[in-house]
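The values are calculated or read from the model by the stated rules, or taken from the named source; none is laboratory data. Source: prediction; values computed, not measured. Positions of Cβ are generated from backbone atoms using ideal geometry, with glycine treated the same way; all protein chains shown enter the neighbour counts.
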Amino acid sequence: MLFKNGTYNTIFTRQISGSHVDHHNCRLGQWYEGDAGKIHFGRFDSYQKMLKPHQEVHTIVGEIRDTIKDMEHLGDNRDVIIDKFSRMENASSELFIHLDSMLNESAAK
């Protein structure tokens with residue numbers, strides 16, 4: 001969530017801050033790949049299904065950052081940027097569906 005907000009903030013402030021973090025090194029990625037995530041949730045299908053949309057969010061954010069590097073031409077790339085944000089949100093929604101399912105699966109066991 002914070003990761004996406006930083007990307008939106010880049011558009012609003014017209015400043016790219018920080019560096020791009022891949023899906024392995026963000027907090028969710030470290031949890032997912034670390035013992036805490038695997039031990040408690042690794043047996044659930046929804047846990048496995050989280051990986052693809054999580055990776056997509058990070059990939060698309062990287063694409064957005066690359067597209068908006070030239071802030072003077074931000075408007076020229078408007079449609080491309082909007083499309084990328086839409087794709088990011090779709091992947092994020094899918095990720096949260098799997099997170100919710102994982103918690104429901106865990107509670108049912």
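Can you tell which of L99, L28, L103 is in a helix (DSSP H, G or I), over 21 Å from G6 (Cβ atoms) and among the aliphatic types (A, V, I, L, M)? Walk me through it before giving the result.
Values: L99 fails: over 21 Å from G6 (Cβ atoms); L28 fails: over 21 Å from G6 (Cβ atoms).
From the options L99, L28, L103, the qualifying one is L103.
Residues in region 66-96 that are outside any helix (DSSP H, G or I) and either charged (D, E, K, R) or out of contact with any Leu (no Cβ under 7 Å at 6 or more places or on another chain) (or both): 3 in all.
Quick grid of which residues meet (1) more than 19 Å from D22 (Cα to Cα); (2) crowded, with 17+ Cβ neighbours inside 10 Å; (3) in contact (Cβ under 8 Å) with a residue 40 or more places away in the chain:
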| position | (1), (2), (3) |
| --- | --- |
| V57 | no, yes, yes |
| I60 | no, yes, no |
| I64 | no, yes, yes |
| M71 | yes, no, yes |
| V80 | yes, no, no |
| N90 | no, no, no |
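Restricting the first member to region 7-28 and to residues that are touching a residue at least 40 places away in the same chain (Cβ under 8 Å) and more than 21 Å from L51 (Cα to Cα), and the second to residues that are loosely packed, with under 15 Cβ neighbours inside 10 Å and of a type in the set (S, T, N, Q), the beta-carbon pairs closer than 8 Å and six or more apart or on different chains are T10/S17.
Of all residues in region 32-55, those that are among the polar types (S, T, N, Q) have Cβ atoms under 6 Å from Cβ atoms of residues that are part of a helix (DSSP H, G or I), 6 or more apart or on another chain, in S46/H98; S46/S101; S46/M102; S46/E105.
For (1) closer than 24 Å to F96 by Cα; (2) touching a His at 6+ places or on another chain (Cβ under 9 Å), each residue gets a yes or a no:
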residue: F3; (1), (2): yes, yes
residue: T10; (1), (2): yes, no
residue: T13; (1), (2): no, no
residue: H23; (1), (2): yes, yes
residue: S46; (1), (2): yes, yes
residue: Q55; (1), (2): yes, yes
residue: R65; (1), (2): yes, yes
residue: M71; (1), (2): no, no
residue: V80; (1), (2): no, no
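Residue by residue, here is whether (1) basic (K, R); (2) surrounded by fewer than 16 Cβ atoms within 10 Å (Cβ to Cβ); (3) farther than 22 Å from I82 by Cβ holds:
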| residue | (1), (2), (3) |
| --- | --- |
| T7 | no, no, no |
| F12 | no, yes, no |
| Q15 | no, yes, no |
| G29 | no, no, yes |
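Taking into account only those residues within region 32-69 that are over 28 Å from A107 (Cβ atoms) and among the hydrophobic types (A, V, I, L, M, F, W, C), which is modelled with the lowest pLDDT? By that ranking, first place goes to I68.
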